[in-house]
1. Can you report the number of residues in the stretch 302-335 which are away from ligand 1 (no atom under 14 Å from the Cβ), surrounded by fewer than 24 Cβ atoms within 10 Å (Cβ to Cβ) and under 18 Å from the mean Cα position of the chain (by Cα)?
2. Hey, can you tell me all the residues within the stretch 291-334 that are part of a helix (DSSP H, G or I) and within 16 Å of ligand 2 (Cβ to nearest atom)?
3. Tell me, which residue of the stretch 115-152 that is under 15 Å from the mean Cα position of the chain (by Cα) and without any contact (Cβ under 8 Å) to a residue 60 or more places away in the chain is farthest from residue 81 (Cα to Cα)?
4. Of (1) part of a loop (DSSP other than H, G, I, E, B); (2) surrounded by fewer than 18 Cβ atoms within 10 Å (Cβ to Cβ), residue 338 satisfies all except one. Which?
5. Let me confirm something: among 45, 50, 28, 86, which residue is surrounded by fewer than 20 Cβ atoms within 10 Å (Cβ to Cβ) and modelled with pLDDT of 95 or more?
6. Mind checking which residues of the stretch 185-199 are within 12 Å of residue 223 (Cα to Cα) and modelled with pLDDT under 95?
7. Yes or no: residue 189 closer than 28 Å to residue 104 by Cβ and touching a helix residue (DSSP H, G or I) at 6+ places or on another chain (Cβ under 7 Å)?
8. Of everything in the stretch 160-184, what is surrounded by fewer than 15 Cβ atoms within 10 Å (Cβ to Cβ) and either over 19 Å from residue 221 (Cβ atoms) or in the same structural domain as residue 291 (by the TED database) (or both)? Give them in sequence order.
Ligand SMILES: Nc1ncnc2c1ncn2[C@@H]1O[C@H](COP(=O)(O)OP(=O)(O)OP(=O)(O)O)[C@@H](O)[C@H]1O
Ligand SMILES: [Mg+2]
């Protein structure tokens, strides 16, 4: 039975990306902290294979993966039909049940969730959702497109190049020559669209560069090359739009040579320091560029903007924007917000309010 006086909020979690496991933990934060007196929460898990299941799993069951085995799970879909404005459950009795949904929180990281695909479905359905729209999600997912837009908007970035699979296969030596001539050593090699450091290598010679290209191509048909930046790794939380508000940045003290997927989400070796260990004017500079970059790339709702502050020169260089940043207990975004006085339940309220406001503006 649906409550009459509470907004029905659906949290989507899991998904088909390499960040499936992180998403399950991030979504648990929403499940545990959403204000149940105001919202009726429902959860839909998306398996790695792409099956959608309505589930009543606890956050612990979501985190450890056992949610998938629950007998009470029901296959479901989000209907693109605006008359439905919600989800359709397929009950064990072979019937369908329609559930009206007021807001969706797509707590999905990476491909097929943070990249505009799910956002497109929600646009079609006319259901308000938390976070960036289709364009900003897709643009921030593609590191080559994002870098080009940073350049176009005078947001400082390290030197970079990109090449497609066809360009690389047509002239592999020429591509390596171009990268070495423009970027020098070491060079970071990344799939344009992947996330969580998957397929990323720091190459220090031509042989490594060639191997790195093959690894990146195993993950995407486009490869991004970036000159190495030796610097502090700092991150800002940004919220809202018109105007976007950025927090002071926090800093990641990495445990390995670079901040890998395992460091970030499994090993617990990286440490977070808030605010970043930098002079006040540097913190302000990062904050200003974070709001600029977020706005320039069309972000709405929330995003985490990641930067380097170069040792020695103090240059502030943007690395990337994550449109659905991690929300795990060790994640930077909720910690930055808490540090500025917004605890997680209030943050969730604010994000939901922003989602509803955006839909009202579109219609108004
Ligand atoms: N140009 C660079 N110079 C120095 N270090 C870099 C550079 N690019 C990336 N790194 C290091 O590699 C890490 C992963 O890179 P990046 O953030 O681009 O990948 P990602 O796949 O989007 O990761 P995530 O989604 O986990 O943030 C960075 O956090 C940083 O430690
Ligand atoms: Mg990153």
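1. 3
2. If we filter the stretch 291-334 for residues that are part of a helix (DSSP H, G or I), which is where we start, we get 291-296, 332-334.
Scanning the stretch 291-334 gives 293, 294, 332, 333.
3. As a first pass, look at the stretch 115-152 and keep what is under 15 Å from the mean Cα position of the chain (by Cα): 115-119, 129-143, 146.
Okay, now just the ones that are also without any contact (Cβ under 8 Å) to a residue 60 or more places away in the chain, so 116-117, 119, 134, 138.
Values: 116: 19, 117: 16, 119: 15, 134: 18, 138: 23 Å.
Ranking the candidates gives 138 first.
4. (1)
5. On the way: 45 fails: surrounded by fewer than 20 Cβ atoms within 10 Å (Cβ to Cβ); 28 fails: surrounded by fewer than 20 Cβ atoms within 10 Å (Cβ to Cβ); 86 fails: surrounded by fewer than 20 Cβ atoms within 10 Å (Cβ to Cβ).
Sole residue among the options that is surrounded by fewer than 20 Cβ atoms within 10 Å (Cβ to Cβ) and modelled with pLDDT of 95 or more: 50.
6. Just the residues of the stretch 185-199 that are within 12 Å of residue 223 (Cα to Cα), to begin with: 188-194, 199.
Correct list: 193, 194, 199.
7. On the way: closer than 28 Å to residue 104 by Cβ: no; touching a helix residue (DSSP H, G or I) at 6+ places or on another chain (Cβ under 7 Å): yes.
No; evaluated as a whole, the condition is false for this residue.
8. 173, 177, 181, 182, 184
The values are calculated or read from the model by the stated rules, or taken from the named source; none is laboratory data. These numbers were taken from a predicted model, which means no experiment stands behind them. A quick note on method: Cβ atoms are made from the backbone with ideal geometry, for glycine too, and the neighbour counts reach across all protein chains shown.
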